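Before any comments, here is the structure.
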Amino acid sequence: MKKQLSPSRCLIALDIDGTLTNSKKVITSRTKSCLLRLQREGARLALASGRPTYGVNPLARELQLSEYGGYILSYNGGKITDCSTGKTLFRQQLPQGAIPRLTALRDELSLELLTYEGTCIVTENPENPYVQKEAAINQMEVRQISSFPDYVTFPVTKCLMVGEGSYLASVESYAAEQLGEAFSVYRSEPYFLEIVPRGIDKARSLERILHQYSLRREELIAFGDGFNDISMLQYAGIGIAMDNADERVKRAADRTAPSNNEDGIARVLEVLFPPPDPSA
């Protein structure tokens, strides 16, 4: 084990789906209680997710991040929001001309393409089952548009290509090659192919927060289960993969926690930062 940490000198980064929330997409009472206690003791939380900000906000409210000075890292770190002020600390958009290129690639690969506008998901095919999955996860309305490149003329931080998992895995490398060096392309779920600006990942955005508080990476604890969590698990002083994670994600971590259905986050943090003894 690494040097003993103090909650007041600690940033805890949490992926959401498959990590913070269980298979029912809720935070269990044990995990919630543990995270609220650690915030009272001085720890800061960062919810680091591929979700849009709107899809993270309900969980940030549940964990009282605005009261304790926590952060939302949405779009895989493409946007950082200070929950105590509501201000955007960092945001990076896809490069100019990205949308026509993504639309052409979508058509070539016979996939569906979506992005986010305010409280809505926008796409040409709202009935696509994987579009519906993304809408359900984020509790967002889906707005049908007639032409993706004609409608999406506003700045975009992330697009999502969706499709059947094994097929998406087979075309992931090709998609990255076709889009080139200005883009980062990776799967967050088997059926979700994330497309964000090059250089955007959870680790880099967490580094920005650490610098703000003069914290070292050794004082960062990160939990995750997905391929898009690998960078932060490797960067953190203690990187913890959930037991439900893919083996490649587990190999990138320092240790493995019980699954997201077994209070994995709480069970690890209760060992690192034991609660006060009520009998003392």
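The values are calculated or read from the model by the stated rules, or taken from the named source; none is laboratory data. Please read these numbers as outputs of a predicted model, since none were measured by experiment. Please note: Cβ atoms are built from the backbone with ideal geometry, for glycine as well, and neighbour counts cover all protein chains shown.
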Please find, within segment 263-277, the residue that is surrounded by the most Cβ atoms within 10 Å (Cβ to Cβ) out of those that are over 19 Å from the mean Cα position of the chain (by Cα) and assigned to a loop (DSSP other than H, G, I, E, B). PHE273
Could you run through segment 227-256 and say how many residues are surrounded by 24 or more Cβ atoms within 10 Å (Cβ to Cβ) and either charged (D, E, K, R) or within 13 Å of ASN22 (Cβ to Cβ) (or both)? 2
Name the residues in segment 1-47 that are assigned to a loop (DSSP other than H, G, I, E, B), hydrophobic (A, V, I, L, M, F, W, C) and over 20 Å from the mean Cα position of the chain (by Cα), would you? MET1, LEU5
Pick from segment 109-135 the residues that are in contact (Cβ under 8 Å) with a residue 40 or more places away in the chain and part of a helix (DSSP H, G or I): which of them is surrounded by the fewest Cβ atoms within 10 Å (Cβ to Cβ)? LYS133
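Could you please find all residues in segment 30-57 being among the β-branched types (Val, Ile, Thr) and either touching a strand residue (DSSP E or B) at 6+ places or on another chain (Cβ under 6 Å) or closer than 18 Å to ILE80 by Cβ (or both)?
Looking only at segment 30-57, we keep the residues that are among the β-branched types (Val, Ile, Thr), and these are 31, 53, 56.
If the condition is that a residue be among the β-branched types (Val, Ile, Thr) and either touching a strand residue (DSSP E or B) at 6+ places or on another chain (Cβ under 6 Å) or closer than 18 Å to ILE80 by Cβ (or both), then THR53, VAL56 are the ones that fit.
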The number of residues in segment 88-114 that are touching a Ser or Thr at 6+ places or on another chain (Cβ under 9 Å) and of a type in the set (Gly, Ala, Ser) is 0
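Taking strands (runs of 3 or more DSSP E) that do not extend beyond segment 161-262, which have at least 2 residues that are without any contact (Cβ under 8 Å) to a residue 40 or more places away in the chain, of a type in the set (Lys, Arg) and closer than 28 Å to THR88 by Cα? I'd like the intermediate steps shown before the answer.
Numbers: elements: 183-189, 192-197, 220-224, 238-242, 255-257.
Of the strands (runs of 3 or more DSSP E) lying wholly inside segment 161-262, none has at least 2 residues that are without any contact (Cβ under 8 Å) to a residue 40 or more places away in the chain, of a type in the set (Lys, Arg) and closer than 28 Å to THR88 by Cα.
Does GLN96 satisfy being of a type outside the set (Val, Ile, Thr) and assigned to a loop (DSSP other than H, G, I, E, B)?
Working: of a type outside the set (Val, Ile, Thr): yes; assigned to a loop (DSSP other than H, G, I, E, B): yes.
Yes.
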Inside segment 217-247, can you point out the residues that are closer than 18 Å to GLY69 by Cα and either in contact with a Leu (Cβ under 6 Å, 6 or more places away or on another chain) or modelled with pLDDT under 95 (or both)? LEU220, ALA222
